[in-house]
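First comes the structure, then the notes that go with it.
A short reminder: the numbers here are calculations on the coordinates, not readings from a lab. For clarity, every value in this text was computed on a predicted model and none was experimentally measured. Here the Cβ positions follow ideal geometry from the backbone for every residue, glycine too, while neighbour counts run over all protein chains shown.
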Amino acid sequence: MRKSGSKKVRSLVSKPRSARGGGLDIADLLGRKPVSLDTPELQRFLAGKDVLVTGAGGSIGSEICRQSMKFCPRRMILLDQAENNLFEIDRELRHRWVGADLVPVIADIGDARRIAQVFERHQPQVIFHCAAHKHVPMMELNPGEAIKNNIFGTQIVADAAKQYGAAAFVMVSTDKAVNPTSVMGAAKRCAELYIQSLNADDCRTRFVAVRFGNVLGSSGSVVPIFQKQIDAGGPVTVTHPEMKRYFMTIAEASQLVMQAGAIGRGGEIFILDMGKPIKILSLAKEMIRRRGLKPGKDIAIELTGIRPGEKLYEELACADEKTRPTSHARIRVWQLPRATPRQVERMLEILGAAMNGDHRQIVAALGECVPEYQSSTMEKSGAEKPVMKIVAEAA
């Protein structure tokens, strides 16, 4: 039995957690008011349902688990390949929600047999697909793993959702999928194309994607890195003085994923109005000042140069994408041209053949599948842009 009061629908917005070190309130760094999403739609969407979260031990996945519990799902299936992360979120939820039906599952999304076993046994109705490799520089160095995990892993989970008749599948994507310059962004764009292609008239499952900006305070993100550097006495490392990013809090990001699942009809790509982009150098200086220190005097700031795959400015949507409002003022939906089943089939053939090849082969394969992909690695090596455009083919 859940703790008293748990059946009452509460606001999705938790008080922002202060990051460690100096009591820094991460939400204060946004430069805008945090978005609040609190509607009965989420209660209808999740109450009494069997909910599966992949990547449940990660920053976004674990927050989706916390937020989902407020809407009384029948069962929460927590799936992650990282045992320790899974242990931590499972223990936290069991402590907060005594008697809740929680099922921790250790599994790799690239293991089709294991994923089929999980779906066969638990029959999830709502899937939040958060599992992914997300760090841009790491994926530039290991591009085959980005294809295996972010594309073929997504395919395995999405196919299982369709086969077992889930009601909704919500994929976490990124603003780096817009005009991508990185392997990670191009791989996420391929994953978007795949799930959009599954939205056929005879499909019971609604497949949607959600694009984020950068998430303040998530593991490996710039805020905790800066905090550690400040704690160590500096220097704080910034790649470029003009680099800007859109930011959102972990709570906002998780809420957007959930809301997308509730209002999506299938095939949409949702995005949150994140205000104006923030200059990374300004963020670093502000964090130093909030410790009572002076940037450049007490804590040095070191410019290290843009890393492979990175942009100076992230974009929220391509110029040819169409946008329309939703029932929420701060959420819009981008309706992208969908790839045909044949285009997607060919995309997977090309990527499958290349994913165990060398770096140049993998980057070239991604270039064939994502016309707008401009690899910084390819440009430096003098390689030509592949002529074949999978998405631009005639139906």
Next item on the list: Could you list, in their original order, any pairs among Lys134/Lys244; Lys49/Lys148; Lys70/Lys148; Lys228/Lys285; Lys176/Lys276 whose Cα atoms are separated by more than 24 Å?
Entry: Lys49/Lys148; Lys70/Lys148
Item checked: Cα gyration tensor category, rounded, prolate or oblate, for segment 68-227 with a/c compared to 1.5 -> oblate
Notebook entry, point to check: Among 356-364, 124-132, 206-214, how do they line up from the highest to the lowest mean number of other beta-carbon atoms within 10 Å?
Noted result: 124-132, 206-214, 356-364
Note to self: Let me check I've understood the local charge: for Val105, count other residues with C-beta under 14 angstrom from its C-beta, Lys and Arg +1, Asp and Glu -1. What total comes out?
What the structure shows: -4
Margin query: Per-residue counts of other Cβ atoms within 10 Å, averaged by peptide: what ranking do you get for 251-258, 173-180, 108-115, highest first?
Written below: 251-258, 173-180, 108-115
Next item on the list: Which order do the peptides 58-66, 288-296 take when ranked by the mean count of other beta-carbon atoms within 10 Å per residue, highest first?
Entry: 58-66, 288-296
Next item on the list: Could you bin all the Cα-Cα distances of segment 99-167 into 10 Å bins starting at 0 and give me the percent of pairs in each, rounded to whole numbers?
Entry: 19, 47, 25, 9, 0
Margin query: In 10 Å bins starting at zero, report the fraction of Cα pairs in segment 238-314 per bin as a rounded %.
Written below: 16, 33, 30, 16, 5, 0
